[in-house]
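Asker: Have a look at the structure that comes next, please.
The values are calculated or read from the model by the stated rules, or taken from the named source; none is laboratory data. Note that the structure is a prediction, hence the values are computed from the model and not measured. Quick reminder, even Gly has a Cβ in these numbers, built from the backbone with ideal geometry, and neighbours come from all protein chains shown.
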Amino acid sequence: MVLRLASMTYGGDALGRAGGKAIFVPGGITGELVRAEIVEERGRFARARLVEVIEPAPERVQPRCPHFGECGGCAWQHIDYGAQLRFKAEIVREQLRRIGKIKSAPVRDTLPSPDVWAYRNHAQFSASPDGRLGFQAAHSNRVIPIEICHLFQPPIMEWFQSTGRMEAGVERVDVRCAGSQSSATVERSGRRIQSGPPLEFTVKGVPLRVSAESFFQVNTLLIETLVDLVTSGLGLRGGDTALDAYSGVGLFSRFLAPVAGRVIGIESSRSAMADARVNLAQFDHVEWHEGWVEQTLPSLALPIHVAVLDPPRAGCGPQVTQALIDKPIERLVYVSCDPATLARDARQLMDAGYGLMEVQPVDLFPHTFHIETVTAWKMARPALACG
């Protein structure tokens, strides 16, 4: 079939329509006329294979990676970087409109990554049956062994090139680097059999310990930008009590603590909590709660003035969002890595009286469809007035 592609979607595919059905086409670009072959029918939509680009978009470029199109890591290497930034802002706006029912969200232009290659400080390699390291294929569990990846910082590629094959039974290897140092963690049958030492990242001149099992942002170049967006969005005043939900190793807490009267961190990861205690050991007005946010937050009886939320891809969910509403907390900053779950939670916040002040996409993940978004919220009317 011949399709005119109308838009880019969260997930990386281009979208066209035929006979009233949505057709998702990996490798296409908005505006292109393509020939595509249906490979999967799913009721009101279908997935297709790109057969031919009849009329290419001006944004189409030659992918840099020899594994592009087979490896599932990058979906957008065939798109000019400026267009990637534009498409990501459009996707955030569309998700907020379609899922969140927010007609005119204040979405800013996507902030670019200072470097679009060699920006990742963290790699998750899968092992093929013969021990070669690679990544899962797009839409498949098959492991694609790789020779090179242009997204990782040099210490990771140096580790990869010096390692060779893994021993039999190894399923996954996580490698993280900070500066010139790298650390690897090996898994077999879902269990860690080797865990690398903690690394030290420096953010705004402040050293932060990050253990191998702890989450940390993968684009080192934009971590300070995230910190600035969070602190400015909160508008923290001296004496305010600040909540850091999904606090990780204490990245945001570390820069809230010098101003806040009190900081409360909630984190379910034991290793991240241990790192956070080290990273904020100098502050005696910070308290930590190890546990799930949905269980811990409703039990906090003290008043909270501002909160930063940095949940995993699943978002906060209705239980956490309702706990925020019940406080209520005057100002929120919600850091999201999934615009669909952000839009879902945004609708609940708006229904409760929160105003969406700003939506700032940040491109932590060039050449992929993934989008980091920092949103700022302010309670516009009392929660009791919500109907």
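Asker: Exactly one condition in (1) farther than 16 Å from C65 by Cβ; (2) surrounded by fewer than 19 Cβ atoms within 10 Å (Cβ to Cβ); (3) of a type outside the set (K, R) is not met by I144; state its number.
Answerer: (1)
Asker: Ok, one more. Considering only segment 144-246, give the strands (runs of 3 or more DSSP E) lying wholly within it that have at least 2 residues that are in contact with a His (Cβ under 8 Å, 6 or more places away or on another chain) and under 23 Å from S113 (Cα atoms).
Answerer: Counting at least 2 such residues, we get 170-178.
Asker: Which of the numbered conditions does S126 fail, given that it passes all the others? Conditions: (1) surrounded by 18 or more Cβ atoms within 10 Å (Cβ to Cβ); (2) without any contact (Cβ under 8 Å) to a residue 24 or more places away in the chain; (3) of a type in the set (S, T, Y).
Answerer: Of (1) surrounded by 18 or more Cβ atoms within 10 Å (Cβ to Cβ); (2) without any contact (Cβ under 8 Å) to a residue 24 or more places away in the chain; (3) of a type in the set (S, T, Y), only one is false for S126: (2).
Asker: Here is a follow-up. Spot the failing condition for A22; the list is (1) touching a residue at least 60 places away in the same chain (Cβ under 8 Å); (2) part of a strand (DSSP E or B), and only one is missed.
Answerer: Among (1) touching a residue at least 60 places away in the same chain (Cβ under 8 Å); (2) part of a strand (DSSP E or B), A22 violates only (1).
Asker: Report whether or not A48 is outside any loop (DSSP other than H, G, I, E, B), within 15 Å of M1 (Cα to Cα), more than 27 Å from the chain's Cα centre (by Cα) and not assigned by TED's automatic domain parsing to the domain that holds Q136.
Answerer: The answer is no for A48.
Asker: Can you tell me which of (1) in a strand (DSSP E or B); (2) of a type outside the set (D, E); (3) within 28 Å of the chain's Cα centre (by Cα) is the one G12 doesn't meet?
Answerer: (1)
Asker: What residue, among those in segment 81-117 that are among the acidic types (D, E) and part of a helix (DSSP H, G or I), is surrounded by the most Cβ atoms within 10 Å (Cβ to Cβ)?
Answerer: If we take residues in segment 81-117 being among the acidic types (D, E) and part of a helix (DSSP H, G or I), then E94 is surrounded by the most Cβ atoms within 10 Å (Cβ to Cβ).
Asker: Taking the options A184, A168, A138, A105, name whichever one is in contact with a strand residue (DSSP E or B) (Cβ under 8 Å, 6 or more places away or on another chain), more than 27 Å from P339 (Cβ to Cβ) and not assigned by TED's automatic domain parsing to the domain that holds M8.
Answerer: A184
Asker: Further question on the same structure: Do the conditions hold for E200, that is, is it in contact (Cβ under 8 Å) with a residue 12 or more places away in the chain and surrounded by fewer than 15 Cβ atoms within 10 Å (Cβ to Cβ)?
Answerer: Against the criterion (in contact (Cβ under 8 Å) with a residue 12 or more places away in the chain and surrounded by fewer than 15 Cβ atoms within 10 Å (Cβ to Cβ)), E200 qualifies.
Asker: I need the full set of residues from segment 131-141 which are modelled with pLDDT of 90 or more and part of a loop (DSSP other than H, G, I, E, B), in order please.
Answerer: G131, R132
Asker: On to the next question. Does segment 216-224 include one or more residues that are surrounded by 15 or more Cβ atoms within 10 Å (Cβ to Cβ), in contact with a helix residue (DSSP H, G or I) (Cβ under 7 Å, 6 or more places away or on another chain), of a type in the set (S, T, Y) and within 30 Å of A260 (Cβ to Cβ)?
Answerer: The answer is no; no qualifying residue exists.
Asker: Is it the case that L226 is of a type in the set (A, V, I, L, M, F, W, C), touching a residue at least 60 places away in the same chain (Cβ under 8 Å) and assigned by TED's automatic domain parsing to the domain that holds I329?
Answerer: Against the criterion (of a type in the set (A, V, I, L, M, F, W, C), touching a residue at least 60 places away in the same chain (Cβ under 8 Å) and assigned by TED's automatic domain parsing to the domain that holds I329), L226 qualifies.
Asker: Exactly one condition in (1) closer than 16 Å to G233 by Cβ; (2) within 22 Å of the chain's Cα centre (by Cα) is false for P339; which is it?
Answerer: (1)
Asker: Let me ask you something else. Which pairs turn up if I take residues in segment 42-56 that are closer than 18 Å to G12 by Cβ and look for partners that are assigned to a strand (DSSP E or B) and of a type in the set (F, W, Y) with beta carbon separation below 7 Å, at least 6 apart in sequence or on another chain?
Answerer: From residues that are closer than 18 Å to G12 by Cβ, the pairs are F45/F24; R47/F24; A48/F24.
Asker: Do we have any residue at all in segment 346-359 that's of a type in the set (A, V, I, L, M), under 20 Å from G250 (Cβ atoms), in contact with a Ser or Thr (Cβ under 9 Å, 6 or more places away or on another chain) and at pLDDT 95 or above?
Answerer: no
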